[in-house]
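Below you'll find the structure, written out as structure tokens, and then a few comments.
The values are calculated or read from the model by the stated rules, or taken from the named source; none is laboratory data. Bear in mind that the values here come from a model prediction, so they are computed numbers and not experimental data. Don't worry about glycine lacking a Cβ; one is built from the backbone with ideal geometry, like all the others, and counts go over all protein chains shown. Just so you know, the surface numbers come from the protein's heavy atoms only, side chains and all, with ligands and any DNA or RNA stripped out. Shrake-Rupley method; radii C 1.70, N 1.55, O 1.52, S 1.80 Å.
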Amino acid sequence: MRAQSIAVATTLVGLVTLSACAGQSNTGGDGESGTEVAEGDSGTVSFRSWSPIEQTTMQMIEATEASTGAEIDATIFNYPEYIVDLQTRAGSGTLADVVGLQPGALTQQYRENLMPLQDCAEQTWGADWQDQFYPIGLDQARMGNPDGDDNFYALPLLTQTVNLWANSEILDEAGLEPPQTWDELTAAVDTLGEGSAVPFLLPAQDSWLRNVVFLQIANNVSPGTVYEAESGEIPWTDPRIVEAIGWWERLFTDGIAQEGAISLDAYPSGANQFEAGEAAMIPLGAWWIQQSDPSRESIPPLAEGMAGFEPFLFPTIPGGATEPQFVGGIDVALGISANASDPDLACAVLTDWIAGDGAQVLINTFNDIPAVTGVSPQEFTSEKQEEIWGLFVDEWLPQVEYSRYFEDPDIDKAVADALAAVATGEATPEEAAQSIQDAQDARR
Amino acid sequence: MSIAARDRLASVAFLLPTLGLFGVFVVYPIVFNVQASFLDWNGVTEGTTVGLSNYSTLWQDPIFRTTLRNSALWIPLTILPQAAIGFLLALALNGPLRGRSIYRALFFIPAVLSPVVIGIVWQRILDPSTGVLAQASRETGLGWLQTGVLADPQTAIFGVIAVNIWTWTGFSMLFYLAGLQLIDKNLLEAATIDGANPWQATWRITLPLLRNTHLSLLMLGVIGALKTFELIYVLTQAGPNNATQMLPTYAFEQAFRLQSVGYAGAISVVLVVLAVGTSLGMTRVFGSGFLSGADR
Amino acid sequence: MKRDRSQWWHLVLAPLAVLWMVPVIMVLGQSLRPVSQPGTILFGILPAAPNLSNYALVFEQNPILTHLRNSLLITVPSVLLVVMLGSMTAFALARMRVPFKAVVFGFIVLGLVLPMSGIVVAVFQILQTMGLYNSLVGIVLSYSALGLPFAVIIVRTTYLAVPHETFEAARVDGASWWQIFWRIYFPLGRPALAVVVIWQTMLSWNDFLLPLVVLESTNLVPLTLVPLSYRGVFLSQPGALFAILVLISVPVVLTFVVCQRYLVNGLAGAVK
């Protein structure tokens, strides 16, 4: 029996020591910071999201703590981990008070865990609160709501267009302007092909990137048609959609995209190469202006005041719309947990970030375009930067009509997979369109 | 109390803490996944019971078949080279070689690195447009260096497997080093005296004596292959066009991106069944002694 | 004589090691690549103007020492627990009469199979039920459970290699089970335990998913959560990301360097 009791005793001692030392860390840590308040205490608002980036969020918190008196405890992390965290917490009643959300499925899944926000908005900004938001943001905030449910479960914080960016220096050197038509695009790629930089860097490993590039093409081919297919009014095999997939295919078969485009990711690899001046053009979006954030520790020469970069719209397609169409939407929206310990305080924080002191700090970092009009960075570091900002805020975003998102994650995946299949030559545009239709049929 | 009964009680005492931890942290997650696999459930709101329909959908899902094919390729193609290189390294670094600690550490470092940096760096090495190999190919004129291995759905999985071998070979080396410590040097000396050359001694004595090490590595390799996740996630995002999808990456995508926790549960259950099945299969093939410990 | 001949290995090992290290050198190179001068040399392997700005940034923006302490508080107890419990279990399975031995062993192997991403939700629920939400204890216990199967498998292999006569002799002398385990087997398991320590350190040091979900207080967060804020969609700070990941790898490499010394003592010699 001795062996047994010793074994048990050892284990117990081990476990006790263990709890003791870990427990110590718990209390020790609390004592040290002095600001740590357990969840549920009033005065504290917890915030979890993947966006805005951590360094920016910390600056916003400072401003918002001053203006609302709230104590804000924020955790910012990468999107894939964030959705794991969000789902786990929502399922177990530990959702943070304020959470970052993407429009559509991600918001809808948590509808029951989220507080409707229109009352909060009305109390803060008055009855005409909706007027200050860009229309596309408000549309998307309610994307996927069941019929008859007009609640806002999320309010947009940042919005964006998806578009192309050019390296001005490389284009100037080659005597080129950003291409406005497909033919100009192919001609530019031919001309640039002789240089050392990649002419058109397409980081197509990411499904979101494939989808936003395709949506720009599709809306230039036939404005709005994909959304009709999404809602079931027309089949995905509609010739206009097949044609759009065909143009996507030509990015690869006509040598416009660089070799191996399908295996390059947008962040960090694609963005990094573009920032280092190794590519002439890249499809990203309005948020690229954040590279010139003056509060960054050090800024690469090309991004300094956006000296080396300029945005342009995806070129028009022969036989398609005569003007390039605007595609975009919400970058990140914010929601409030239905169990928030202090909903009023959470509302104060949320609205301050969207259109108050926190918003000003956020916008000063050029993180992305605000969801509301009338907030501008207090300081521009160059005329070019100010020009680009004005272009986004005054001209492009008000015109955005087409969403960069699909409502349903299954369709989102089906489209992204179909585009990858076409890009790798595993499917024709017709087969790809059919596979999206099959996915949609399987949902019904 | 009889001696036998006392011994059995003692053995329970030795096992109890482990089994207790297991009951909580291993059994419950499996039960959770099994339960979920019978539901149509997004992980947040109430799910609805759908019986076996997740499993029948799985059966017809071409991406699921890709995951099985990839696992089938992954298992032999990582385990064999890893074991072979690892064993040779261990042999070389077990002897009185100057600087062997440094070599050991160098070969082991890849296993220590975060899959995040491994994924990013290898993407940059292999990128056929601007990658290290592509640049080297242009400079040296060696065309074969430029490889679109990750961009082609037919070859991408082999590219990932190669990176995985690079990552984990040091670990096989470590394992064989530990195994070599168990071998009685007298046996090898006796063989040498009998006129066997080092090659023969290695082949006839060392390798067979390392049987348990081979088998443990085999089992860990199979299970490691089945649960591969992070490397794929960072290196290829399971692409292109799902060509490098594995069971855990697909389960993750279903559970968190497509909000089908029930379907993901079914995938995880298949994973567990496959792993347990292979382990049991191995006991059949290699004798139960390897698993149950009754081989003496 | 023997020593001289074995030095020939260098001819094979040195070039192989250099080749093997290319990606690692590239990792270091990326961590030294300043944002403001992103140019590279040697096919993109090394930065053209290396400096320590990324490391400075990481230290400036994060309480690295607090995170380091938390990582240690997770890793050290879980390694100790796994070494102790794993050896005990391995001993029982190798040398004792255990009812349903094969079943027990099969059950333990189950623990190897589970990928963290597939069980994080369930583990979270358990810890919440046990009142271990936002506590390091829960994380330690989970990692120990997940690491035990490996420890059991490898330690047991070693114990099986200990000659049976040693064991019988001790039994005849009237030693208790615990004495046999603690005085004879546990010390002989050192080479295997070196591997176990390395494995368990890697497991508990590197995982981030569980702490991410389970910990609420920012001052309990381990080092592995720091890289998450330097990576992601719309966010490009690869230099800082690589710098923090290099820093995180250092303690594990050190653990390896220390532990691999125990991979030299032949078991046969020790038993005689």
Interatomic Cα distance distribution for chain A, bins of 10 angstrom, percent:
4, 19, 28, 23, 14, 6, 3, 1, 0
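Around B:Ala111, what is the net charge, scoring Lys/Arg as +1 and Asp/Glu as -1 over all other residues with Cβ under 14 Å from its Cβ?
Details: positive: B:Arg104; negative: B:Glu230.
So the surrounding residues net to 0.
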Near the amide H of A:Gly285, under 5 Å away, which other amide H atoms are found, from residues 5 or more places off or on another chain, if H is placed in the peptide plane?
A:Asn163
Buried by partner chains in segment A:195-212 (accessible area down by at least 50 Å² vs chain alone, 1.4 Å probe, heavy atoms, protein only) are A:Gln205
Alpha carbon centroid spacing (whole Å) that separates segment C:156-196 from segment C:38-85
38 Å
Over segment C:165-231, consider all pairs of different Cα atoms and compute the Kirkwood hydrodynamic radius from their mean reciprocal separation; express it in Å, one decimal.
15.5 Å
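Counting other Cβ atoms within 10 Å, which chymotrypsin sites (Phe, Trp or Tyr not before Pro) in segment C:93-157 have at most 15 and lie in a DSSP loop?
Passing sites in segment C:93-157 are C:Phe100.
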Can you list residues from other chains, or at least 5 along the same chain, whose modelled amide H is less than 5 Å from the amide H of A:Thr159?
A:Asp331, A:Ile369, A:Ala371
Given an 8 Å cut-off on Cα distances and at least 6 residues of separation, report the relative contact order of chain A as a percent.
25 percent
Hydrodynamic radius of the protein assembly as shown per Kirkwood, over alpha carbon pairs, in Å:
30.1 Å
Choice from A:Leu264, A:Leu201, A:Leu155 with maximal GNM fluctuation in chain A (Cα, 10 Å cutoff):
A:Leu264
So what's the gap between the Cα centers of segment B:142-173 and segment A:42-56, to the nearest angstrom?
39 Å
Rounded to the nearest 100 Å², the accessible area buried between C and B, both sides, probe 1.4 Å, is 9000 Å²
Amide H to amide H, which residues 5 or more places from A:Thr44 or on other chains are under 5 Å from it, using H placed in the peptide plane?
A:Glu71
Expressed per residue, the solvent accessible area of segment C:63-225 in Å² (1.4 Å probe) is about 28 Å²
Calculate the mean, over all residues of peptide C:49-60, of how many other protein chain Cβ atoms lie within 10 angstrom of the residue's Cβ.
1
Please report how far the C-alpha centroid of segment B:76-128 lies from that of segment A:301-329, rounded to the nearest whole angstrom.
45 Å
Within 10 Å of each Cβ of B:143-156, how many other protein chain Cβ atoms are there on average?
3
Per DSSP H run of n ≥ 4, the term is -39500 (n - 2.57); total these for chain B, divide by its residue number, and report the mean residue ellipticity at 222 nm rounded to 500 deg cm²/dmol.
-21500 deg cm²/dmol
How many square angstrom of accessible surface are buried between A and B, both sides summed, with a 1.4 Å probe and rounding to 100?
3400 Å²
I'd like the orientation of helix C:136-161 relative to chain C: the angle between its Cα long axis and the longest Cα principal axis, in ° from 0 to 90, rounded to 10.
50 degrees
Of the residues B:Thr67, B:Thr202, B:Thr18, which exhibits the maximal mean-square fluctuation in a Gaussian network model of chain B defined by a 10 Å Cα contact cut-off?
B:Thr18
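Given a cut-off of 20 Å, what percent of all Cα-Cα pairs of segment C:63-225 lie beyond it?
Numbers: 7232 of 13203 pairs.
I get 55 percent for the Cα pairs in segment C:63-225 exceeding 20 Å.
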Under 10 Å, Cα contacts only: if you run a Gaussian network model on chain A, which one of A:Gln130, A:Gln290, A:Gln102 comes out with the highest mean-square fluctuation?
A:Gln130
List the aspartates and glutamates whose Cα lies under 19 Å from the Cα of A:Lys384, skipping any in the same chain that are fewer than 8 positions away.
A:Glu169, A:Asp172, A:Glu173, A:Glu177, A:Glu275, A:Asp293, A:Glu304, A:Glu310, A:Asp368, A:Asp394, A:Glu395
Just the number, please: carbon plus sulfur as a percent of the accessible area of segment C:63-225, 1.4 Å probe, no ligands or DNA/RNA counted.
69 percent
Reciprocal of mean inverse Cα separation for segment A:319-444 (Kirkwood radius, Å):
18.3 Å
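To the nearest 0.05, how large is the calculated FRET efficiency for A:Ser295 and C:Leu68 if R₀ is 35 Å and r is the Cβ-Cβ distance?
The formula returns an efficiency of 0.85 here.
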For segment C:24-144, just the Cα atoms, rotate onto the principal axes and tell me the three extents in Å, largest first.
66, 35, 26
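So which helices of chain A fit the span-like rule, where a helix is a whole DSSP H run, its Cα atoms reach 30 Å or more along the axis, and its mean Kyte-Doolittle is at least -0.5?
Working: long enough: A:2-33 (46 Å, 0.31).
Answer set is A:2-33.
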Calculated P(r) tail over 29 Å for chain C, as whole % of Cα pairs
49 percent
Surrounding charge for B:Ala90, neighbours by C-beta under 12 angstrom, Lys/Arg +1, Asp/Glu -1, total +2
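Given the DSSP H assignment, sum -39500 (n - 2.57) over each helix run of at least 4 residues in chain A and divide by its residue total; what's the result at 222 nm in deg cm²/dmol, nearest 500? Walk me through the numbers before you get to the answer.
Numbers: 17 runs with 196 residues, N = 444.
Calculated at 222 nm, the ellipticity per residue is -13500 deg cm²/dmol.
Counting only C-alpha contacts under 8 Å and six or more residues apart, can you give the relative contact order of chain B as a whole percent?
Working: 333 pairs, mean separation 82.3, N = 296.
Relative contact order, chain B: 28 percent.
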Within 10 Å of each Cβ in peptide A:296-307, how many partner chain Cβ atoms are there on average? Round it to a whole number, please.
3
